[in-house]
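Structure first, commentary second.
Derivation of every value follows stated rules applied to the coordinates shown; laboratory data play no part. Quick caveat, the model's predicted, so the values are computed rather than measured. Here the Cβ positions follow ideal geometry from the backbone for every residue, glycine too, while neighbour counts run over all protein chains shown.
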Amino acid sequence: MRISGDSVKIQAWLAFVPVMIACGDAAYGGPRPTSAESPATQRTVRPAVARDVSAPSASATPAPTEPVSPPPGLASNVVGALERPAALHHFFESLTALDEGRGHDDVHIVQFGDSHTAADYETGPLRRTLQARFGDGGRGFVSLGKPWRYYVQEGLHMEGMSGWTAERGKYEKGKFVGDGMYGLVGVSIASSQHGARAWTDLSARATRVEVAYLEQPHGGSVDLLVDGARVRRISTRGPAAAAAYAATDVSADVPHHIELQPAGDGMVRVFGMALDRPQAGVTLDAFGVNGARVVNMLTWDEAHFAEQLRHRAADLVVLAFGTNESGDDTPLDVYERQLVDVLGRVARAVPAASCLLLGPPDRATRVDGVWATVPRLYDIIASQRRVAEAAGCAYYSQFDAMGGAGSISSWALEAPPRAMLDRTHLSRDGYAQLGDTVARDVVLAYEAWRADTGRPAVLPALPPRQPVASVNPP
């Protein structure tokens with residue numbers, strides 16, 4: 001993430017800016033955000049900041065403040081529905097290393113979002129298209145077991161858990177309660193019960209499995225089993241609460257059954273596992289939670305979040321929120337500050353990474369028998385555009401990629417439909433199409449960036465369009 005040194009504007013703006021549940025069960029509960037101001041009196045603040053978008057806390061590591069100029073920009077500031085693609089120059093440089101055979105490390109994309117991300121129906125086709133173009137670096141990071149009912153990930157079959165519970169913060173009497181250490185997924189699993197089981201069947205190709213867990217005083221031990229055989233016992237006991245990792249190699253490119261069984265000698269908390277392959281390529285981690293809003297990320301422990309994100313070595317961080325916020329009445333200036341604060345945490349954790357705000361798809365509500373785009377969705381999109389521009393991030397308008405106002409209502413009436421009848425979520429066909437569209441716009445922008453920076457074209461620029469039928473069922 002490239003940092004601008006305009007600290008005067010940053011401080012001035014920061015000084016000034018003092019339930020719809022998506023897709024079934026919500027992993028994030030709590031009170032619906034409210035406001036003392038009516039929509040008509042809500043103030044919209046245009047942030048005058050660039051990249052270092054949040055004042056660091058006393059305990060946070062300050063981000064670099066030296067201004068870094070991007071390379072020559074794209075001839076067009078918009079490619080498809082992708083706005084300011086030149087902001088992705090670090091990500092594009094990393095892809096170039098893969099294209100030119102200089103890259104020995106994977107290019108990691110990390111996406112945080114709500115139910116649109118949680119089901120992986122859109123990020124799955126996006127992942128496959130990018131991997132077909134730049135190489136398959138592995139499935140990436142996923143939860144282990146089934147932390148909540150609607151957690152679905154392509155290439156994995158999650159039957160469930162026995163004796164484990166989902167660990168996450170919760171709201172009590174209007175306040176968030178929890179230690180904020182739940183990994184990048186935002187929901188971990190925990191157990192101290194001997195004989196408990198959490199398992200995942202992999203059809204995704206992998207040669208290495210790395211389990212991420214919480215090391216803590218009085219932490220217990222847990223057995224890691226691959227295809228029914230114990231490959232190692234992991235002790236989670238340590239002097240202080242901190243993220244830790246344990247890896248094992250597995251047979252190449254064949255299905256595997258991965259399972260965790262606590263020894264019963266103390267509490268074990270697991271964040272998930274990373275699935276890797278030996279060759280360098282693209283990975284895309286889909287960290288979506290049903291019912292999530294961007295503000296939920298501010299309830300996570302920042303030091304824990306930063307360590308986890310640095311361990312994933314993110315080259316591109318994507319924030320994909322806005323659908324649930326379109327049903328809230330939080331003042332827009334408060335919402336923009338939340339976005340800014342989250343981007344600030346990301347910038348402090350991985351200052352070199354590119355950032356992208358992935359705007360929400362169309363969403364409609366019925367008024368007097370007529371379906372129309374939710375009015376507040378326009379405000380949310382406008383706020384995201386302002387923050388993305390001020391923060392030096394790219395912006396992708398899924399709303400425009402779908403066709404703009406009223407598109408989701410039209411998609412819902414098609415045969416087969418590309419949207420659900422709730423006019424909030426898409427069908428698998430719709431998500432697959434949207435994911436493919438995002439991927440193609442990103443690749444086209446990358447090819448334009450290569451031309452603008454004097455690099456020769458690499459063909460083929462795009463793989464064949466991914467068939468909708470290839471999206472795996474839950």
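Regarding the stretch 82-188, what's the average projected area of the Cα-atom convex hull, expressed in nm²? Provide the component values of the computation, followed by the final result.
On the way: hull surface 38.7 nm².
Over every viewing direction, the Cα hull of the stretch 82-188 projects on average to 9.7 nm².
Any chance you could run the full-extension gain for residue 221 through residue 405? It's 0.36 nm times the residue separation minus the Cα-Cα distance, nm to one decimal. Before the final figure, lay out the partial values.
Details: separation 184, 0.36 × 184 = 66.24 nm, distance 5.32 nm.
Full extension of this stretch gives 60.9 nm more.
As a calculated quantity, the FRET efficiency between residue 173 and residue 452 at R0 = 41 Å, using C-beta atoms, amounts to about 0.15.
Taking every pair of distinct Cα atoms and averaging 1/r, then inverting, what Kirkwood hydrodynamic radius in Å comes out for the stretch 144-278?
On the way: mean 1/r = 0.0660 Å⁻¹.
Result for the stretch 144-278 stands at 15.1 Å.
Residue 398 sits among other residues whose Cβ lies under 15 Å from its own Cβ, and their net charge, with Lys and Arg +1 and Asp and Glu -1, is -3. Given a Förster radius of 30 Å and the C-beta distance between residue 159 and residue 240 as r, what FRET efficiency does 1/(1 + (r/R0)^6) yield to the nearest 0.05? With a Förster radius of 30 Å, E is 0.30.
Straight-line reach from residue 170: taking Cα to Cα under 20 Å and skipping same-chain neighbours fewer than 8 places apart, the aspartates and glutamates in range are 25, 114, 179, 301, 302, 325, 328. Calculate, for residue 251 and residue 415, the FRET efficiency according to 1/(1 + (r/R0)^6) with r their C-beta to C-beta distance and R0 45 Å; round to the nearest 0.05. It comes to 0.55.
Proximity of backbone amide H atoms, modeled 1.01 Å from N, is registered between residue 288 and 113, 118 at under 5 Å, excluding neighbours fewer than 5 places apart on the same chain.
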